[in-house]
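Student: Here's a structure for you.
The values are calculated or read from the model by the stated rules, or taken from the named source; none is laboratory data. From a predicted model like this one, the values you see are computed outputs, not experimental measurements. Quick reminder, even Gly has a Cβ in these numbers, built from the backbone with ideal geometry, and neighbours come from all protein chains shown. Just so you know, the surface numbers come from the protein's heavy atoms only, side chains and all, with ligands and any DNA or RNA stripped out. Shrake-Rupley method; radii C 1.70, N 1.55, O 1.52, S 1.80 Å.
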Amino acid sequence: MSRIGRKPIPIAQGVKIQLADGRIKVAGPKGELSAAIPASIGVDIKAAEVLVTRASDAKAQVALHGTWRALINNMIKGVSEGFVRKLEIVGVGYKSEVKGKRIQFALGYSHPILFEPPNGIKVEVPVPTNVVISGIDKQLVGQVAAKLRSFRPPEPYKGKGVKYEGEYIRRKAGKAAATAGAKAG
């Protein structure tokens, strides 16, 4: 049996879970999320916890078992606490600022990049070189963070670009002095 899938999911204070017509609906203080559950996955809602079960030990169902346990856990955590992803902007003249509902990035291109976050996602710029993405849907928060990082991924020579907070950028050595073989020719 899946080690992750068989763990009970504790229900946080103030979170309500409903299961109807193959959909699970999770509502809490920060918002509401819902998802369609596959027919082979069973969800048993008790007073203080949720148990996820599967119909058989087929390889595909074993994988779905752990996946759906994690997805339901993330839904509960999202509506009670929310998720946050932080980005750092490194480079001379690289910055970001809020322009109405949009975020404007200056990342060394000839033009500024305007980004409008999707519904349910809050993007803040406390300092021009830091961006904070928050929301209740873990997948969407991560997707937005990855999209913003893709505007200028960190390069390996100086580390300039948009990176996740705490991300380690493996550096490369730059060009060394001309080699002896090149001088002779």
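Student: Hey, what angle do you get for helix 59-80 against the long axis of the chain, alpha-carbon based, 0 to 90 degrees rounded to 10?
Tutor: 80
Student: Could I ask something else about it? Taking H placed 1.01 Å from N in the peptide plane, check which residues at least 5 places from Lys160 or on another chain put their amide H under 5 Å from its amide H.
Tutor: HN-HN under 5 Å from Lys160: Glu155.
Student: Between Tyr157 and Ile4, what's the calculated FRET efficiency when r is the beta-carbon distance and R0 is 25 Å? Round to 0.05.
Tutor: 0.05
Student: Give me the angle, in degrees from 0 to 90, between the Cα long axis of helix 138-150 and the longest principal axis of the Cα atoms of the chain, rounded to the nearest 10.
Tutor: Approximately 10 degrees, to the nearest 10.
Student: With a probe of 1.4 Å, find how much accessible area the range 30-141 has per residue, and write the answer as a whole number in Å².
Tutor: 55
Student: To the nearest 500 deg cm²/dmol, what mean residue ellipticity at 222 nm is calculated for the chain from DSSP H runs of n ≥ 4 alone, each contributing -39,500 (n - 2.57), summed and divided by the residues?
Tutor: Working: 3 runs with 40 residues, N = 185.
Value at 222 nm, helices only, nearest 500: -7000 deg cm²/dmol.
Student: Starting from the residue with the highest accessible area, list Tyr164, Tyr109, Tyr157 in decreasing order, probe 1.4 Å.
Tutor: Tyr157, Tyr109, Tyr164
Student: While we're here: Identify all aspartates and glutamates with a Cα-Cα distance to Lys163 below 13 Å; exclude those on the same chain that are fewer than 8 residues away in sequence.
Tutor: Cross-link targets: Glu88, Glu155.
Student: Describe numerically, in nm with one decimal, the distance between label points set 7 Å from Cα along Cα→Cβ at Thr129 and at Phe115.
Tutor: If labels sit at Thr129 and Phe115, their model points lie 1.8 nm apart.
Student: Cα gyration tensor of the range 77-185, axes a ≥ b ≥ c as square roots of the eigenvalues: rounded (a/c below 1.5), prolate (a/b > b/c) or oblate? Walk me through the numbers before you get to the answer.
Tutor: Working: a/c = 3.52, a/b = 2.19, b/c = 1.61.
Here the range 77-185 falls in the prolate category.
Student: Please list 3J(HN,Hα) in residue order for the range 45-58, calculated via the Karplus relation 6.51 cos²θ - 1.76 cosθ + 1.60 where θ = phi - 60°; whole Hz, with x for glycine and proline.
Tutor: For the range 45-58, the Karplus curve yields 9, 10, 4, 10, 8, 10, 10, 10, 10, 10, 6, 8, 9, 5 Hz.
Student: Carbon-plus-sulfur fraction of the accessible area of the range 41-90, 1.4 Å probe, in percent?
Tutor: It is 54 percent, rounded to a whole number.
Student: Name the GluC sites (Glu not before Pro) in the range 76-185 that are in a loop by DSSP and that have at most 16 other C-beta atoms within 10 Å, would you?
Tutor: Within the range 76-185, the qualifying GluC sites (Glu not before Pro) (loop, at most 16 other Cβ atoms within 10 Å) are Glu81, Glu165, Glu167.
Student: Here is a further query. Round to a whole angstrom and tell me the spacing of the C-alpha centers of the range 1-63 and the range 93-121.
Tutor: The range 1-63 and the range 93-121 have Cα centres separated by 37 Å.
Student: Next question. If R₀ is 35 angstrom, what is the calculated FRET efficiency for the pair Arg23 and Lys59, using the beta carbon separation as r and rounding to 0.05? List each step's numbers first, then the result.
Tutor: Working: r = 25 Å, r/R0 = 0.73.
E between Arg23 and Lys59, to the nearest 0.05, is 0.85.
Student: Which label belongs to the value computed from this structure, given these candidates for Rg/Rh (Cα atoms, Kirkwood Rh): (1) 1.06; (2) 1.16; (3) 1.31?
Tutor: Label of the calculated value: (2).
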